[in-house]
């Protein structure tokens, strides 16, 4: 299959996936207790006021019609009006999305290079002391939920040592150094598990590739070890790990909810918690679909990069 055909097939699958996800999101928000009219007017509103507002908002229309209106408006860039903030949802998401991107990027800059490098080291030294130490670390890190890691970091590095602030609110005009200082604890809490999974996956891939026939053939030809590793082992071993990275980016969205709430960080996850607590349906729908889109595109990028790096997948 040509690369263009592969891209078209993956894009078609991505569109279908997002459509299914949008149906699920819309359906789940429809079964929440109460409706948008009750959320806007409050529980003390009279039945007449609720009926009037429901008619104005078209809540009595069939669910299929409401879904189509919501999806078409979303695709046109109209994410609706927040029932709690009385503001366009798009304006609410803009700043929070940037903040969450900063936090996620800070963590991934630590987790991805660190996980890949340590995984390569463990794989190349399979069965040695370094491999055992790193494997033990991954078992510990992968078993630690974000709220446990965050609590330990707050107690040790903030309360006892005073090196970092316990809360990570980003203020307007704050310098880059101050932002990095405040992002350190939540970034580590969010991405320590991701680093562990990447390390384990990269280690397993390197061990598998090092035992393959074409690597043995390269060694028998007398190629330098450095060339064998960088030209033959790493491009092939990176493929499965890229898929894990894509999955971790989607999984990170759930971690953002916990970490941002724990550290008081003004990001997308904390906004989602607020929207759920206040039954802000338009805000819940928009955040959920945006997160699903990020997850889907991350997987698409990983598949394309995997196909580019691993020659064995180009004819699949």
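The values are calculated or read from the model by the stated rules, or taken from the named source; none is laboratory data. What you see is a predicted model; the values in this text were computed from it and never measured. As a convention, Cβ positions derive from the backbone with ideal geometry for all residues, glycine included, and neighbour counts pool all protein chains shown.
Summary table below
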{"read-out": "Elements of type helices (runs of 4 or more DSSP H) in segment 189-280, at least 2 residues being within 25 Å of residue 114 (Cβ to Cβ) and modelled with pLDDT under 80", "value": "234-263"}
{"read-out": "Failed criterion for residue 181 (all others in (1) surrounded by 12 or more Cβ atoms within 10 Å (Cβ to Cβ); (2) free of Cβ contacts under 8 Å to residues at least 40 places away in the same chain; (3) within 30 Å of residue 235 (Cβ to Cβ) hold)", "value": "(3)"}
{"read-out": "Pairs with Cβ under 9 Å, 6+ apart, first in segment 203-226 and within 12 Å of residue 126 (Cα to Cα), second outside any helix (DSSP H, G or I)", "value": "203/126; 206/126; 207/126; 210/126"}
{"read-out": "Selection from segment 277-288 of residues that are under 19 Å from the mean Cα position of the chain (by Cα) and surrounded by fewer than 19 Cβ atoms within 10 Å (Cβ to Cβ)", "value": "none"}
{"read-out": "Among the residues listed as 169, 151, the single one being out of contact with any helix residue (DSSP H, G or I) (no Cβ under 6 Å at 6 or more places or on another chain), in a loop (DSSP other than H, G, I, E, B), surrounded by fewer than 15 Cβ atoms within 10 Å (Cβ to Cβ) and in contact (Cβ under 8 Å) with a residue 40 or more places away in the chain", "value": "169"}
{"read-out": "Cβ pairs under 8 Å, 6+ apart, first in segment 45-66 and at pLDDT 75 or above, second outside any helix (DSSP H, G or I)", "value": "65/58; 66/58; 66/59"}
